Structures are given as structure tokens and as C-alpha cells.
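Engineer: Okay, here's the structure, questions in a sec.
The values are calculated or read from the model by the stated rules, or taken from the named source; none is laboratory data. On a predicted model such as this, the values are computed, not experimentally measured, just so you know. Please note: Cβ atoms are built from the backbone with ideal geometry, for glycine as well, and neighbour counts cover all protein chains shown. Just so you know, the surface numbers come from the protein's heavy atoms only, side chains and all, with ligands and any DNA or RNA stripped out. Shrake-Rupley method; radii C 1.70, N 1.55, O 1.52, S 1.80 Å.
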Amino acid sequence: MKNKFVEVGEISGQDYIKEVNEAGPGIWVILHLYKPGIPLCTLINQHLSVLARKFPQTKFLKSISTTCIPNYPDHNLPTIFVYHEGDMKAQYIGPLVFGGINLKLDELEWKLSESGAVKTELEENPKKQIEDKLMSSIRSSLPSRRDSDDSDQD
């Protein structure tokens, strides 16, 4: 009796309660608020189409922001809301949260898995490797104080 959604559904404000809040017991819903013409929104819609096929037990939805929430500000786009059984569990608002236009599919998958909405097979944050390299290059450029620290111990 597992639900199979496999594609990203488009909803309007009138569909919101039925499709999101009343999705059903045990159902995770990922709702992307977007606007046509915003490149990062387009990219996220493409990534969500792939993830919808990969995680058919999760309900993936998208809605033009102002169709769903009147006067929703464009600077908050893209926005992803994550719901479980009608309760909001996570919200990702604005381009900085997603790391900009270079957002990779596995990075989005990881972010959504942190909320519990998808069960990823990724073992660690794909961005972590980049952050680790950055931190190690910063550390290696700092002067070493190891020798002076060791000699002070009694």
C-alpha cells in the first residue's frame, strides 16, 4: 500500500489544503514555490523531477509563488516547504540556502534528507568535501604553533 507519486504535481492556492495539509497519514510533501524566469527555480524544478522518480513515496509539488501565496516576495525564491502529515517540518527560503545556481542534484537530495522527507543513500553531505578542502587549505596557510604548545606541558 505504498503511495507512488513519481512526478512533480503543479498546484494552486485552492489545492493547497487538499494536496499538502490533507495529503494523508505517513505522507511527506515537498512543495517548491517558484516563478518562471528565475534560473535557480528552473534548476530546482529539474532536480525535483528526478528526485520525484527516485523517491515515489514522497509527494513532490510545485506552485507559482504568487498563485499559492498572494504577494509572496520574489527575493524569497526559490522556497521549499517540507510537510509530514500536514505539519511543516522544514523550510528553505531564498537562493543562499541552496548555494546558488551551481546547486547539484545530490546536494538538494541531501538537504531534503536532513528534514526526513526522503531516505537518501548518500553517506555524507556532498558539499562537506568542498568545505573540508577549504578548511584544510586555510589551516595549512596558518603558522604552526604545535612546537611551542608541546614544550609548555609539564
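Engineer: Amide H to amide H under 5 Å from Ala90: which residues, 5+ apart in sequence or cross-chain, H placed 1.01 Å off N in plane?
Structural biologist: Answer set, sorted by chain and number: Val82.
Engineer: Taking the alpha-carbon distance from Lys127 and a cut-off under 17 Å, which lysines remain once sequence neighbours fewer than 8 residues away in the same chain are dropped?
Structural biologist: Filter leaves Lys104, Lys111.
Engineer: Something else: Per-residue counts of other Cβ atoms within 10 Å, averaged by peptide: what ranking do you get for 91-99, 44-52, highest first?
Structural biologist: The most tightly packed comes first, giving 44-52, 91-99.
Engineer: Just read off the accessible area of Thr58 with the full protein assembly in place, 1.4 Å probe, to the nearest 10 Å².
Structural biologist: 10 Å²
Engineer: Taking every alpha carbon pair in segment 37-121, what does the distance histogram look like in 10 angstrom bins from 0, in percent?
Structural biologist: Using 10 Å bins, I get a P(r) of 16, 54, 29, 1 for segment 37-121.
Engineer: So, one more: Using each residue's phi in segment 119-125, evaluate 6.51 cos²θ - 1.76 cosθ + 1.60 at θ = phi - 60° and report the 3J(HN,Hα) Karplus result to the nearest Hz, with x for Gly and Pro.
Structural biologist: Coupling constants for segment 119-125: 9, 7, 9, 5, 8, 8, 4 Hz.
Engineer: Give me the distance between the Cα centres of segment 57-87 and segment 21-40, rounded to whole Å.
Structural biologist: 5 Å
Engineer: Take every DSSP beta bridge with both residues inside segment 24-112 and express the antiparallel ones as a percent of the total, to the nearest 5. Present the calculation step by step, with values, prior to reporting the outcome.
Structural biologist: On the way: 12 of 19 bridges.
In segment 24-112, DSSP labels about 65 percent of beta bridges as antiparallel.
Engineer: Give the long-range amide H neighbours of Gly9: residues separated by 5 or more places, or on another chain, with amide H under 5 Å away, using H modelled in the peptide plane at 1.01 Å from N.
Structural biologist: Amide H neighbours of Gly9: Phe60, Leu61, Lys62.
Engineer: With every protein chain left in place, what is the accessible area per residue of segment 13-81 in square angstrom, probe 1.4 Å? Can you show the working numbers first?
Structural biologist: Working: 3070 Å² over 69 residues.
Ligands and nucleic acids excluded, the figure is 44 Å² per residue.
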